[in-house]
Structures are given as C-alpha cells and as structure tokens.
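These notes concern the structure reproduced below.
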Amino acid sequence: MHEIVILGGGTGGTLTANRLRRAYGRDEARITVVDQDDAHVYQPGLLFVPFGLTQPEDIVRPRGRQLHAGIEYRTVGVDHVAIDRREVVLSDGATLPYDVAVVATGSVLAPEETEGLTGPGWMERVFTFYTSEGAGALEAALRTFDRGRLVVNVVEMPIKCPVAPLEFCFLADWFLRERGVRDTVDLSYVTPLDAAFTRPVAAQRLGGMLAERGIELVTEFNTGEVDGAGGRLVSYDDREVPFDLAVVVPAHNGARCIARSPGLGDELGFVPTDVHTLQSTAAPEVFAVGDAASLPISKAGSVTHFEGEVLVENVRRFLAGRPLDASYDGHANCFIETGFHKAMLIDFNYEVEPLPGHFPGGVGLPLMKESHLNHLGKLMFQWVYWHSLLPGRDIPGIHSAMPTAGKRQPSHT
Ligand SMILES: Cc1cc2nc3c(=O)[nH]c(=O)nc-3n(C[C@H](O)[C@H](O)[C@H](O)COP(=O)(O)OP(=O)(O)OC[C@H]3O[C@@H](n4cnc5c(N)ncnc54)[C@H](O)[C@@H]3O)c2cc1C
C-alpha cells in the first residue's frame, strides 16, 4: 500500500489526486489531500468580478466535493514537511508519513511586503482583484469611477497568470467606454518588466493593443511604496505614478509551510523542481505541481494541468522503481480577454514563443488574434475546469506536449 500525501487541494492538488485515484486501486495506494480551507475558488473568474460579469459566490465550490471517492480529504493546515523523515507535519501536530508527497500549495499574496500597500486607502482607493474579497470591493468602486487616473500595477514578478493584469486593463477600457466615461479616465499599466509581457513576440502584440486603446504603458517600474493617502506609486528609483484608483497585483511568495520545511524551498518559498520530470531537487520522494514549483514558465492553471499529466506518470514510475519520464516541455496556454466580447489565445513552452496560427491544429481557435470564438472559449473554460480538468479527464485534442501543427513563424504572417 503506497502512502501518497498531496499538500494543497487547489487546481494542482485536486487534478493530481483524481488522476492518481484512477491510476491505483484502493488496495494499492492511500491518497490523502490536505488543505487549510474548504473553499475552492475558480481563480480565472476573479477577473470578471470587478466588472459585474460574475459574482464571487458563483466561482467557489467545496474542495472535498471535487475529489473522487476513495480520496481522504483533511481540512487542516500543513505546518511543514520533514523531508529527512518523509513525513508531513500538520498544524494540529499530527503527522502524515509518505512514500510520495506532492507539493501543490500554490503561491500566496504578500501585500504586506510593499510599504504602504495595506495602509491608508487599502480597499478604498487601492485594491487587488487577486482575492475574492478584493475583487468584490473593487466592483463597488469601479461602478462609480468616472474621472481621474486608473492605474493597474504589478509590484513584482513572479505572479499567477501574468496576463491577468493586462486583461484587466483591456476590460477596464471596454467597461469605461460602455459607461461613456472613457474620455475622462486616464488608464495606465505599470509593470516591472521591460515590456507588456515576458515573451518578446507576444509582448510586442500586447504592447500594440495597449497603445491602440490609449492605455499608457510604464515599464521597469519596481514599486517600492504605495501611498494610498497621497495617491502615488513610488518606485525604488524614485519615479512616481499618480493615481485616483489603483489596482495592484501584490508580490507573490511560495506557501509559508514550504519556507518552514528545511531544505525544500528556495528563498521565496517555491520548490526547486526538475523542469522536465517535476521531481523536486531536494528529495526524490517529493514532486511539485502548479504555482508551488519554481520553473521558468508562467504560473497558470493551464501549466498546472499539463504538468499534472506528466507528474502522475512519474509518481507511478517512481513508486515502481522505473526511470522518470522527462517529457514536460513547459507547455502553457492562456486566453487573454481583450474586451468587446473578444479574446486572444497564446500557446507556448520553454523553447517556443507564442506564435500565430491555430490551436490545437490546422483547424481550431485562432492564435495571437482577437476573436469572438476565443472569448467563448474563455467563458466555457469554467465549465471545463469543474467538469473535466479537476476530475482529471483528458480533454480531447489538448495534451501536455505543446502542439506545433497549425502554428506559423511570425515572418509568414
Ligand atoms: C485573478 C486570477 C486570474 C487567473 N486567470 C488564469 C487564467 O485565465 N488561466 C490560467 O491558466 N490560470 C489563471 N490563473 C492562475 C491559476 O488560478 C493558478 O495558477 C492555479 O490555480 C494554480 O494551481 P495550484 O494548485 O498551484 O494553486 P492553488 O489552486 O492556488 O492551490 C493551492 C492550495 O494550497 C493550499 N495551501 C497553501 N498553503 C497551505 C498550507 N500551509 N496548508 C494547507 N493547504 C495550503 C491553498 O489553500 C490552496 O487551496 C489566475 C489566477 C488569478 C489569481
């Protein structure tokens, strides 16, 4: 009987547990999922809350209900992992011994790390849409905002879903136009990156889309202070961006339980992980999936999904004493909502930039191009998330390995 303990019951923990439950009979493996709370939020839905397009209560479900029968679910915090003793220590002092542990504890927001961010003005004129509470409060503020400077700021990288703040800008532009007040609002996107996005081809396209909409792009701005009372972002090199309403994506760290686990995490609390097998570099019995893994690819649900397929295969190989499958290629896939009922789709991996063409083959969703079809795809994804991705079902035509069919080099466009 293998003991498999999964830390975290979010996107990665849930889909991994469900796939493993299918792979092993109940007499072959005991699978335990531990999470500190019982509210599974469909996080991509948070983007729509500030614009009144969905409600926080419509994107949350109980965690335990997303897990297949035969998976033990414990609602308790993880205190730390003792990799030398191969046990997970829970916040109530109990311990869970493991043959394999899967770290799926995601990333945590650290707004308190930025001077002033949670001080005067927090949740009054300074908000984040990265939490249900923040997204709900921002909805009320945006509804009546009709003049002044609206600033969207990423404090530092890495963040979950690096395109989400850009999507927020595009939706804000649409929303303000719909309300007839766009002419009296200046909209700025303030990022620590040297361009609108991390990958050059997509950065150029997205930067162009910001310019077309009259959204100012401020780059290489490392936010040192958010002065809510004075309405200023201040960078470490003393540049200032004034605002009347600020939408801030705070710094992200790995889960605190990883930082408390001797030898397991890096300085931010993310788990150094083999980029192709998803085995942690600290201990062979520990694997990492999703935002918790320190990998050179976006922190995104799609990445978590694609990693999950390879990770489950590797847990099985590891427990059977077989060589691991080094096939995870960094596949990432993001719908970028662009307003006016359109969205763009990008698909890329460690090596290949987002390219134009179609996904997942010659016929399919347009890549790097705004379309209504992609918007419908983005909306439909919530159903796919609850009914296919989390239960660990294969989604036809969508696999861990990045498809190349249907893609064109930019010079051919
Ligand atoms: C606003 C927003 C928009 C997004 N949009 C998209 C999108 O369009 N497309 C996309 O692909 N991705 C998107 N994402 C990112 C996506 O939601 C995450 O990358 C994905 O959920 C990561 O899954 P995970 O399992 O690693 O982490 P999570 O799903 O966050 O799960 C981590 C779990 O670990 C638990 N945990 C942490 N510490 C402990 C502890 N000490 N003890 C017990 N449990 C613990 C947490 O409670 C949590 O349930 C978005 C995210 C946000 C915030």
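The values are calculated or read from the model by the stated rules, or taken from the named source; none is laboratory data. Since the structure is predicted, the reported quantities are computational estimates derived from the model, not experimental observations. Cβ coordinates were reconstructed from backbone atoms using ideal geometry, including for glycine residues, and neighbour counts include every protein chain displayed.
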>> Looking for something touching a His at 6+ places or on another chain (Cβ under 8 Å) and surrounded by fewer than 17 Cβ atoms within 10 Å (Cβ to Cβ) - is there at least one such residue anywhere in the range 339-355?
In response: yes
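Matching residues to (1) exposed (fewer than 15 other Cβ atoms within 10 Å of the Cβ); (2) part of a loop (DSSP other than H, G, I, E, B):
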site: R74; (1), (2): no, no
site: V81; (1), (2): no, no
site: D84; (1), (2): yes, yes
site: V89; (1), (2): no, no
site: G93; (1), (2): yes, yes
site: L96; (1), (2): no, no
site: V102; (1), (2): no, no
site: T105; (1), (2): no, yes
site: E112; (1), (2): yes, no
>> Looking only at residues that are out of contact with any helix residue (DSSP H, G or I) (no Cβ under 6 Å at 6 or more places or on another chain) and within 16 Å of the ligand (Cβ to nearest atom) in the range 345-363, which one is farthest from A203 (Cα to Cα)?
In response: P360
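Could you count how many residues in the range 130-162 are among the hydrophobic types (A, V, I, L, M, F, W, C) and on the phi > 0 side of the Ramachandran plot?
If we filter the range 130-162 for residues that are among the hydrophobic types (A, V, I, L, M, F, W, C), which is where we start, we get 135, 137-138, 140-142, 145, 150-152, 154-155, 157, 159, 161.
Retained after the next criterion (residues that are on the phi > 0 side of the Ramachandran plot): 161.
The total comes to 1.
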> Which of (1) touching a helix residue (DSSP H, G or I) at 6+ places or on another chain (Cβ under 6 Å); (2) in contact (Cβ under 8 Å) with a residue 40 or more places away in the chain; (3) buried (at least 20 other Cβ atoms within 10 Å of the Cβ) does S327 not meet, given it meets every other one?
Replying inline: (3)
>> Filter the range 356-373 down to the residues that are modelled with pLDDT under 90 and surrounded by fewer than 17 Cβ atoms within 10 Å (Cβ to Cβ) and list them by number.
In response: G361, G362, V363
>> Being more than 8 Å from the ligand (Cβ to nearest atom), part of a helix (DSSP H, G or I), surrounded by fewer than 18 Cβ atoms within 10 Å (Cβ to Cβ) and of a type outside the set (D, E) is true for just one of R61, R22, R26. Which residue is that?
In response: R22
>> Every residue in the range 183-224 that is of a type in the set (D, E, K, R), without any contact (Cβ under 8 Å) to a residue 12 or more places away in the chain and within 15 Å of G339 (Cβ to Cβ), please.
In response: E212
> Residues V303, V312: which one is under 23 Å from the mean Cα position of the chain (by Cα) and more than 10 Å from the ligand (Cβ to nearest atom)?
Replying inline: V312
> Among the residues of the range 126-140, is there at least one that is more than 13 Å from V248 (Cβ to Cβ), away from the ligand (no atom under 13 Å from the Cβ) and either touching a strand residue (DSSP E or B) at 6+ places or on another chain (Cβ under 6 Å) or hydroxyl-bearing (S, T, Y) (or both)?
Replying inline: no
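Conditions (1) modelled with pLDDT of 95 or more; (2) of a type in the set (S, T, N, Q), marked per residue:
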residue	(1), (2)
R199	no, no
A202	no, no
R205	no, no
S235	yes, yes
F243	yes, no
>> If I ask for residues that are in contact (Cβ under 8 Å) with a residue 40 or more places away in the chain and either acidic (D, E) or within 28 Å of T273 (Cα to Cα) (or both), which ones from the range 334-349 would you list?
In response: C334, F335, I336, E337, I346, D347, F348, N349
> Restricting attention to the range 27-35, does a residue exist that is under 24 Å from S91 (Cβ atoms), at pLDDT 95 or above and among the polar types (S, T, N, Q)?
Replying inline: yes
> Could you say which residue among V289, V241 is touching an Asp or Glu at 6+ places or on another chain (Cβ under 8 Å) and in contact (Cβ under 8 Å) with a residue 60 or more places away in the chain?
Replying inline: V289
> Would you pick out the residues in the range 245-291 that are part of a loop (DSSP other than H, G, I, E, B) and among the small types (G, A, S)?
Replying inline: A251, A255, S261, G263, G265, G269, A282, A283
> Does any residue of the range 299-309 turn out to be modelled with pLDDT of 95 or more, of a type outside the set (D, E, K, R), out of contact with any Cys (no Cβ under 8 Å at 6 or more places or on another chain) and not in a helix (DSSP H, G or I)?
Replying inline: no
>> Among the numbered criteria (1) more than 26 Å from R408 (Cβ to Cβ); (2) of a type outside the set (S, T, Y); (3) touching a Gly at 6+ places or on another chain (Cβ under 8 Å), which one does A293 miss?
In response: (3)
> In the range 188-236, which residues are loosely packed, with under 15 Cβ neighbours inside 10 Å and assigned to a helix (DSSP H, G or I)?
Replying inline: P200, Q204, G208, A211, E212
> Would a scan of the range 134-149 turn up a residue that is assigned to a loop (DSSP other than H, G, I, E, B) and under 24 Å from the mean Cα position of the chain (by Cα)?
Replying inline: no
> Does the range 279-300 include one or more residues that are closer than 24 Å to E87 by Cα, in contact with a His (Cβ under 8 Å, 6 or more places away or on another chain) and away from the ligand (no atom under 16 Å from the Cβ)?
Replying inline: no
